[in-house]
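Trainee: This is the structure I have questions about; it appears just below.
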Amino acid sequence: MIAIYLLFIGLSARLAQGTFFSGNYNHFKRQIDIDLFDWSTIEPSRNLSYTDCVDGFQCARLLAPLDWSQHGDSSCGLGELNVNNSVALAIIKLPASVPETDPSFGGTVMWNPGGPGGLAVMIAQIMSPMFQDMLDGTKHYEIVTFDPRGVGESTPQIKCFDHLWQRYMTMSKTEESISPRHGRAAVATQLEQQAAIGEICMEAGPDSIHAHSGSASVARDMLHIVDKIEEERMTRLGPTFQPADGKPRLQYIGLSYGTTLGSYFASMFPGRVGRMLLGGLVDSESHRYGAGFDNIEDSEAAIDYVYEYCFETSCAFRLDTDTGPEDIKARVQATLDWLDETPVSNIQNKQIAMIRSVGLRQWLFWISYSWDEYMAARIAVLVSRDFSSEGQFFSPEDFEESPFNTPLAWGSDTATVINCLDMQSKKPDMDIDWAHERYKAMEAEAPTAAEFRYLLAMRCARWAIAPAYDFQEPFGAPSPDPDLAPDVPAAPLFLLSNRYDPATPLAQAWTVSRQFPNSSVMILEVAGHDPFERAGECTLDAVRAYFEDGVVPPNGTTCEPAPTTHGGQSAMFPAMF
């Protein structure tokens with residue numbers, strides 16, 4: 001179950017790079033079995049009004065102001081919201097296994113899958129039951145998630161292009177640009193290409209969702225949802241269910257970029273924090289300065305772990321003649337070096353695709369997120385230097401009846417806009433000299449992943465739209481108080497990190513811990529991006545205790561992973577393919 005989610009995160013990240021094509025989409029569709037729902041059948045409303053949707057779930061579309069800077073901290077008195085001054089947030093709820101009147105009912109737990117641009121409501125059918133099973137003990141919780149403003153089924157959607165074919169043609173051109181390994185001129189070309197994509201995204205203007213979808217606005221939406229959940233519950237059940245201190249508090253699980261949303265919320269509204277579990281930590285201050293430039297220090301160690309796991313399990317890209325992981329690594333590196341120096345073309349349907357090493361580098365990075373047999377097979381084909389299935393090739397049908405003509409297709413746009421809004425006030429001067437020096441520094445630290453990771457923030461080089469609603473204060477919160485003192489969290493933040501995380505290194509968990517007093521970092525002795533993929537009883541017991549009692553383990557506690565089954569997934573959260 002968790003493996004499917006992690007695969008989705010990996011493909012979402014490919015979307016953010018503009019490298020997602022039909023072969024991957026079909027694989028993604030084979031991995032999950034979800035019921036699609038037509039969200040347009042729900043009328044957006046100012047109050048939370050659920051309707052039955054997919055099996056066992058309830059759905060709603062909640063109106064929120066487009067521009068929170070025009071409103072106070074209260075979700076009441078928002079005035080007249082209409083299509084021009086509001087967003088409609090798509091929300092999906094998995095009810096608790098007990099009635100809300102049951103003494104064991106533990107309230108609502110909200111979660112976010114990361115991104116930016118992760119499609120939470122799409123994967124809620126998989127992830128919400130998993131979180132419910134993970135948390136339920138002496139208390140039982142309802143699980144809620146939502147697509148952030150501009151993302152997925154929330155409207156209006158962030159879209160930088162008018163038509164899908166425009167986006168595909170643009171992204172395919174940028175993919176085939178010369179490698180930055182070839183020097184300053186190559187970096188200059190890539191910087192110009194990526195900055196131009198950012199300029200396309202700016203064309204929507206300062207009055208559009210493209211100026212109102214930064215992380216601060218999403219954190220404010222989260223507070224709005226918390227208030228409306230409590231308001232809806234009190235309307236049905238009466239005022240006896242009012243929170244002890246008069247204000248409902250957020251119980252939250254955030255993963256990857258979802259930890260950024262957690263940091264924003266806890267810093268902006270510390271008195272509204274009940275429980276906050278963050279896994280795969282992003283240092284939000286670093287996110288403001290570059291959204292991806294400073295989070296690769298563990299990526300090479302995570303990829304080395306891939307070689308070790310491949311050798312131990314006789315994976316698809318191990319040969320019988322290999323005597324250790326170093327043989328696999330050497331063969332992969334030889335292919336990367338060869339592709340850097342040897343142009344390769346692939347021709348299909350009278351279209352030409354240039355094959356570069358960046359494709360193999362991406363597969364290596366994504367498989368270090370979470371082991372996947374399909375990715376292993378793709379790596380094996382590339383390392384054998386069979387490029388016949390590589391490249392992006394399009395036909396008219398791809399744009400007329402394409403499965404991409406869904407919110408999934410626009411993930412790159414949402415990541416661009418959200419990252420650029422968050423960076424606007426503190427981004428560096430991204431000129432050619434800076435980009436070249438930054439690439440060289442990243443290549444020295446992470447030679448496999450640097451080539452495409454350094455591009456993540458380049459689209460913001462000429463971004464000039466400031467977020468209408470923002471948070472510019474230092475991240476942090478007062479010391480927690482379990483007695484629910486006003487304006488302070490009710491419990492410490494609980495932070496989970498894998499020992500070697502290719503996207504959010506352990507060092508960032510320690511940075512976040514220093515920002516929030518009494519918070520606790522738990523380290524899972526494993527490589528990968530999501531700490532729940534191999535979570536064993538050591539971790540899960542601590543998580544249940546935290547949500548039930550607000551108690552965190554000693555800072556720096558380590559846990560061994562759960563045993564693996566097929567495909568590297570844990571026995572507790574087995575793969576479904």
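Trainee: Which condition number does residue 123 fail, the rest of (1) over 30 Å from residue 435 (Cβ atoms); (2) modelled with pLDDT of 95 or more being met?
Mentor: The failed condition is (2).
Trainee: Considering only region 470-522, state which residues are within 19 Å of the chain's Cα centre (by Cα), more than 24 Å from residue 424 (Cα to Cα) and β-branched (Val, Ile, Thr).
Mentor: Matches in region 470-522: none.
Trainee: May I ask you to list the residues in region 536-552 that are free of Cβ contacts under 8 Å to residues at least 40 places away in the same chain and either buried (at least 19 other Cβ atoms within 10 Å of the Cβ) or of a type in the set (D, E, K, R) (or both)?
Mentor: 537, 541, 549
Trainee: With (1) part of a loop (DSSP other than H, G, I, E, B); (2) outside the structural domain of residue 480 (by TED's automatic domain parsing); (3) not basic (Lys, Arg) as the list, and residue 287 as the residue in question, which single condition is left unmet?
Mentor: (1)
Trainee: Moving to a separate point now. Here is a list of conditions, (1) in the same structural domain as residue 546 (by TED's automatic domain parsing); (2) under 21 Å from the mean Cα position of the chain (by Cα), and residue 194 meets all of them except one; can you say which number that is?
Mentor: The number of the failed condition is (1).
Trainee: State which residue is farthest from residue 352 (Cα to Cα) when the search covers only region 162-183 and only residues that are among the acidic types (Asp, Glu) and surrounded by 13 or more Cβ atoms within 10 Å (Cβ to Cβ).
Mentor: Once the filter is applied, the top-ranked residue is 175.
Trainee: Out of region 447-463, which residues are hydrophobic (A, V, I, L, M, F, W, C) and either in a helix (DSSP H, G or I) or under 23 Å from residue 202 (Cβ atoms) (or both)?
Mentor: 450, 452, 455, 456, 457, 458, 460, 461, 463 - these are the residues of region 447-463 that are hydrophobic (A, V, I, L, M, F, W, C) and either in a helix (DSSP H, G or I) or under 23 Å from residue 202 (Cβ atoms) (or both).
Trainee: Residue 457 passes all but one of (1) at pLDDT 90 or above; (2) closer than 20 Å to residue 412 by Cα; (3) of a type in the set (A, V, I, L, M, F, W, C); which number fails?
Mentor: Result: residue 457 passes all but (1).
Trainee: Over 14 Å from the mean Cα position of the chain (by Cα) and either farther than 30 Å from residue 492 by Cα or crowded, with 24+ Cβ neighbours inside 10 Å (or both) - does that describe any residue in region 284-291?
Mentor: So far as region 284-291 goes, no, none of its residues is over 14 Å from the mean Cα position of the chain (by Cα) and either farther than 30 Å from residue 492 by Cα or crowded, with 24+ Cβ neighbours inside 10 Å (or both).
Trainee: Filter region 317-348 for residues that are modelled with pLDDT of 90 or more, β-branched (Val, Ile, Thr) and surrounded by 12 or more Cβ atoms within 10 Å (Cβ to Cβ) and give the result.
Mentor: Listed by number, the residues that qualify are 328, 332, 335.
Trainee: Now a separate question. Would a scan of region 101-113 turn up a residue that is closer than 27 Å to residue 45 by Cα and part of a loop (DSSP other than H, G, I, E, B)?
Mentor: Yes, region 101-113 contains a residue that is closer than 27 Å to residue 45 by Cα and part of a loop (DSSP other than H, G, I, E, B).
Trainee: Residue 409 passes all but one of (1) in a helix (DSSP H, G or I); (2) at pLDDT 85 or above; which number fails?
Mentor: The number of the failed condition is (2).
Trainee: Answer yes if at least one residue in region 175-185 is among the hydrophobic types (A, V, I, L, M, F, W, C), within 30 Å of residue 63 (Cα to Cα) and assigned to a helix (DSSP H, G or I), and no otherwise.
Mentor: The answer is no; no qualifying residue exists.
Trainee: Any idea which of 316, 353 is over 19 Å from residue 181 (Cα atoms) and in a strand (DSSP E or B)?
Mentor: Matching residue, one of 316, 353: 353.
The values are calculated or read from the model by the stated rules, or taken from the named source; none is laboratory data. Just so you know, these numbers come straight off a predicted model, no measurement behind them. So basically every Cβ, Gly included, is an ideal-geometry build from the backbone, and we count neighbours across all protein chains shown.
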